[in-house]
Amino acid sequence: GFVPGLFGTSHGALQFMAYEDLKERYNKHRNRVSDTKLNTVEYIMMAAVSKIFAVVATYPYQVVRARLQDQHNTYSGVLDVIHRTWR
């Protein structure tokens, strides 16, 4: 539990990193100062895209963690879970 739990905290970090990068690139594309505030639609779009990125990057971890916690199946480790899930 402890190590997989620590890995799970990366979701928020990835989302924040993606949001800041998207915002900076978007403002640069629009020829604006990098810390220019976004309007409501821009804010929602940046938040949605960064959330999608974080979910796609961390969802496989959630599947592996849930299967390791499953009391009805026995796995020999993380690689066994990945192999059997892929199969």
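The values are calculated or read from the model by the stated rules, or taken from the named source; none is laboratory data. Since this is a predicted model, take the numbers as computed values, not measurements. In this analysis, Cβ positions are derived from the backbone assuming ideal geometry, glycine residues included, and neighbour counts consider all displayed protein chains. Please note that ligands, DNA and RNA were not included when accessible areas were found on the heavy atoms of the full protein model with its side chains. Shrake-Rupley method; radii C 1.70, N 1.55, O 1.52, S 1.80 Å.
A few points about this structure:
- All told, residue 52 falls short of being modelled with pLDDT of 95 or more, farther than 30 Å from residue 79 by Cα and not small (Gly, Ala, Ser).
- Filter result for residue 24 (open to solvent by 70 Å² or more (accessible area, probe 1.4 Å), in a helix (DSSP H, G or I) and free of Cβ contacts under 8 Å to residues at least 40 places away in the same chain): yes
- Flag if residue 55 is of a type in the set (A, V, I, L, M), part of a helix (DSSP H, G or I) and within 30 Å of residue 81 (Cβ to Cβ): yes
- Members of region 27-52 that are of a type outside the set (S, T, N, Q), farther than 30 Å from residue 6 by Cα, outside any loop (DSSP other than H, G, I, E, B) and open to solvent by 70 Å² or more (accessible area, probe 1.4 Å): 28, 29, 41
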